[in-house]
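Notes follow once the structure below has been shown.
Every number in this text was worked out from the coordinates using simple rules, so none of it is lab data. Only a predicted model underlies this, so the values are computations on that prediction, with no experimental measurement involved. All Cβ positions, even for glycine, are placed from backbone atoms using ideal geometry, and neighbour counts span all protein chains on display.
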Amino acid sequence: MSEQILKVEHFSVSFDTYAGEVQAVRDVSFALNRGEILSIVGESGSGKSVMTQSLVKLLPAPPARIKSGKVIFDGQDISGYRFKQLRQIKGQKIAYIFQDPMTSLNPTVKIGKQVTEGLLAHASVSRQEARRKAVELLRSAGIPNPDKRMEQYPHELSGGMRQRVMIAIAIAMQPQLLVADEPTTALDVTIQSQILGTIKDLNRSLGMAVILITHDMGVVAGMAQRVMVMYGGRVVESGAVRDIFYHSAHPYTRSLLAAVPRLDADSTAPLEHIVGSPPDMLAPPAGCPFAPRCRYAMEVCRSHMPGRTELGDGHDTYCWLCDSRAGETAQAFLRGERVVHSGTE
Amino acid sequence: MAQNDLILEVEHLCQHFSVGGGATLKAVDDVSFFIRRREIVGLVGESGCGKTTLGRTVKQIYKPTSGEVRFNGKAFSQMDKNDRREFSRRAQMIFQDPYSSLDPRMTVAEIVAEGMEIHGMYTEARRRERVIELLNLVGLSKEHANRFPHEFSGGQRQRVGIARALALEPEFLVCDEPISALDVSIQAQIVNLFKELREKLGLTYLFIAHDLSMVKYISDRIAVMYLGRIVELTTSTELYRNPYHPYTEFLLSAIPVPDPDLESGREHVRLAKEMPSPINLPEGCSFYDRCPYACEACRKNKMELRDMGGGHWSACDKARKES
């Protein structure tokens, strides 16, 4: 059995629209170990959701189109799988939870039926057995009085409880991989900390690998072992959580971290913000997608996409500044100095 | 403190909604506080705690059930038609959702100018100039004036919403979660803009939010709300350094810190129960059944917000660490 549960190579996804081809995901490669929590961070439109949902072709095609790439899950190349074959994987081996628990649950069906549905479809169990198991699942997802909840409809539950129901459904078949797409963005911080705690407990007890998509760097710090930063449909940096937070080597990652106010920090200095807005994916920039907003951008950044630079221990960055051929600006950046390059800001 | 230093005084404000079956939802219950001129007061709490209702009642969108709000020393109940009109100009609101709060069929110039037209401010030619000035002020440009809201990103739309509010030369802004719908890097842009505008225009804000780290960053003082009541109110540094109320302590412990080393050593308080329904609350402290410090007295007595010394107002001091 290989260490890696998931390996994605040169994965690209586009949407064919009237306006043209929206290149949402461009040449993304990464791997995920068994039992590991990987956090994918990036702004809206950076391609993180499209990428993870396309792994098992959850997006309707057309307009979504997987242009290229390989997806190796549990040692098998599933990128060529058809709908029927994928169904054996979806829900059983790879489970998803989404941001909005209200739209993911059927409002006209009782909680009990929605939890048992997957069990009856995938596992050969009797109705009673499935019911007993469902109560157990709701309990392990942290829902008090699960027996009573089985008979209720989604609207009778709070947002946090609904997300717990989603978790119960997701873990029903003991998946090897859980993709949590902004699972707590719609919830209060207090509920968020409970839901994240539940996901972490399940990750430990079931040995389930987790891809956690979020834009909250605080959540990343508390949950992830590894982090992948996406921008403009590309991976710009990836590495162990400490490397990303303390030794980030990409200007975008640094700006992202600086844009989050710290509770212990001085609040008189203005927050660092990133000037401008994310690129238009109908006509993505030829070079590094972050170059137009980057204060360290050089000529080469605008015309050529940087390749991968390995910094050791699985810490990779895609930035010309880390290239051995880069000049003085790059040296200043790597030393952590603030440089305002002519032509930006 | 001189009376004219206070721009807003709220006294025993209640906003109760009848929800059928003889039940009452006390969305805002006996809330008192004040805001000094040029001050930013943050208002935080979980969803359903009544912070939006409080903001809207203060802005007179809802008529309060009881209690009084004074604006520049003048009570709402004493205001005549002209005063109310003046108030509706001087106090402006910025909404959470930059998508639904802008009319999709109006251009940005029309959106920004509408308030000035209604209030009969300036000549038409001057209004057009003002629109451009305002767009520049919030970081947009002349070219944006004739575009429609759908052509903008969330952050840019929020800037349009801010320009619309500033058009009426307000003194006081109620910002109802103005950054929650935006991306992190854009949030920082907008928060910096709010701070900058306070310096330039001498504005005062009531800043409603549920992101506590951003609120700490922007606010001078912070009020924590729980089930319709303010449970703690103090300067933002003091609140985070030394919370008195167990609910504040719980809320703060739930914020994830963007620092893996700190975060791995941190203990998140997990409460057994969720927030109870705000309809027909029991007697006594409303945090009683979730509070790790609760004692018998808490079940019976409703605690009042009081000054614990040094302007640190709290309804409870069970979580207090230093004396």
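For the peptide A:191-200, the mean number of other protein chain Cβ atoms found within 10 angstrom of a residue's Cβ is 3.
Taking θ as phi - 60° and the Karplus parameters 6.51, -1.76 and 1.60, the scalar couplings of segment B:228-235 work out to x, 10, 7, 9, 8, 8, 7, 5 Hz in sequence order, x denoting glycine and proline.
Near B:V231, the amide H atoms lying under 5 Å from its own belong to B:V224, B:M225, B:Y226; only residues 5 or more places off or on other chains count, and H is placed 1.01 Å from N.
Of the residues B:C316, A:C322, the one with the fewest other Cβ atoms within 10 Å heads the list, and the complete ranking is A:C322, B:C316. For segment B:193-294, the list of GluC sites (Glu not before Pro) that fall in a loop by DSSP and count at most 13 other C-beta atoms within 10 angstrom reads B:E267, B:E283.
Against chain A, whose longest principal axis comes from its Cα atoms, helix A:111-122 is set at around 80 degrees.
Among A:G276, A:G160, A:G232, the largest mean-square fluctuation in a Gaussian network model of chain A, built with springs joining Cα atoms closer than 10 Å, belongs to A:G276.
Can you pull out the chymotrypsin sites (Phe, Trp or Tyr not before Pro) in segment A:8-90 whose DSSP state is coil and whose Cβ has at most 16 other Cβ atoms within 10 Å?
Hits after loop and neighbour filter: A:Y18.
Under a 5 Å amide H cut-off, with hydrogens placed 1.01 Å from N, B:L43 pairs with B:F207, B:I208, B:A209, B:A223 among residues at least 5 apart or on other chains.
Among the GluC sites (Glu not before Pro) in segment A:115-191, those located in a DSSP loop and surrounded by at most 15 other Cβ atoms within 10 Å of their own Cβ are A:E151. For chain B, the fraction of C-alpha pairs more than 25 angstrom apart is 54%.
Rg of the Cα atoms in segment A:104-172, relative to 2.2 N^0.38 Å, amounts to 0.97. Taking 19 Å as the limit for the C-alpha separation, the pairs B:K51/B:K81; B:K59/B:K195; B:K195/B:K216; A:K7/A:K48 exceed it in the case of B:K51/B:K81; B:K59/B:K195.
Normalised by the number of residues in segment A:35-90, the mean separation of alpha-carbon contacts (under 8 Å, six or more apart) gives a relative contact order of 22 percent. Comparing B:T248, B:T123, B:T107 in a Gaussian network model of chain B where C-alpha atoms under 10 Å apart are linked, the largest mean-square fluctuation is found at B:T123. For segment A:58-65, the Karplus equation 6.51 cos²θ - 1.76 cosθ + 1.60, evaluated at θ = phi - 60°, returns couplings of 7, 8, x, 10, x, x, 6, 9 Hz by residue, with Gly and Pro reported as x.
Residue order for A:H304, A:H250, B:H144, A:H122, fewest other beta carbons within 10 angstrom first, comes to A:H304, A:H122, B:H144, A:H250.
Expressed as a whole percent, the proportion of Cα-Cα pairs in segment A:1-40 lying more than 10 Å apart is 75%.
Largest GNM mean-square fluctuation across B:R290, B:R84, B:R105, computed for chain B with C-alpha springs under 10 Å, falls on B:R105. Amide H contacts of B:K74 (H built 1.01 Å from N, in plane; Pro and chain starts excluded): no residue 5 or more places away or on another chain comes under 5 Å. Hey, any idea what Rg/Rh is for segment A:72-188, computing Rh the Kirkwood way over Cα pairs? For segment A:72-188, the value is 0.98.
Net charge dipole, chain B: roughly 520 debye, given to the nearest 20, about the Cα centre with Cβ charges of +1 for Lys and Arg and -1 for Asp and Glu. Divide the volume of the convex hull around the Cα atoms of the protein assembly as shown by the residue count and you get 183 Å³ per residue.
Where the only charges are on Cβ atoms (+1 Lys, Arg; -1 Asp, Glu), what is the dipole of chain A about its Cα centre, to the nearest 20 debye?
That gives a dipole near 1260 debye.
By the Stokes-Einstein formula, at 1.567 mPa s and 4 °C, segment B:21-84 with its Kirkwood radius over alpha-carbon pairs has D equal to 96 µm²/s.
For B:K74, the aspartates and glutamates whose Cα comes closer than 14 Å to its Cα, not counting residues fewer than 8 places off in the same chain, are B:D5, B:E9, B:E11, B:D83, B:E86.
Against chain A, whose longest principal axis is taken from its Cα atoms, helix A:189-206 shows a tilt of about 80°. Derived value for segment B:247-287: Kirkwood hydrodynamic radius 12.5 Å. Basis is the mean of 1/r over every pair of different alpha-carbon atoms. To the nearest ten degrees, helix A:127-140 and the longest principal axis of the Cα atoms of chain A are 40 degrees apart. Split chain A at each of the trypsin sites (Lys or Arg not before Pro) in a DSSP loop with at most 16 other beta carbon atoms within 10 Å, and the longest piece is A:111-307.
The average projected area of segment A:203-297, computed from the convex hull of its Cα atoms over all directions, is 7.8 nm². Using a Debye calculation, one point per C-alpha and no hydration shell, please list log10 I(q)/I(0) for chain A at q = 0.12, 0.15 Å⁻¹ in order. With no solvent term, the Cα-only Debye profile gives -0.90, -1.30.
Arranged from fewest to most other beta-carbon atoms within 10 Å of their beta carbon, B:I118, B:I190 become B:I118, B:I190. Per-residue 3J(HN,Hα) values for segment B:25-31, derived from phi via the Karplus relation 6.51 cos²θ - 1.76 cosθ + 1.60 with θ = phi - 60°, read 9, 8, 5, 10, 10, 6, 9 Hz in sequence order (x marks Gly and Pro). In segment B:125-209, the C-alpha radius of gyration followed by the widest Cα-Cα span (Dmax) gives 12.6, 38 angstrom.
Computed on segment A:185-259, the Cα convex hull volume stands at 105 Å³ per residue.
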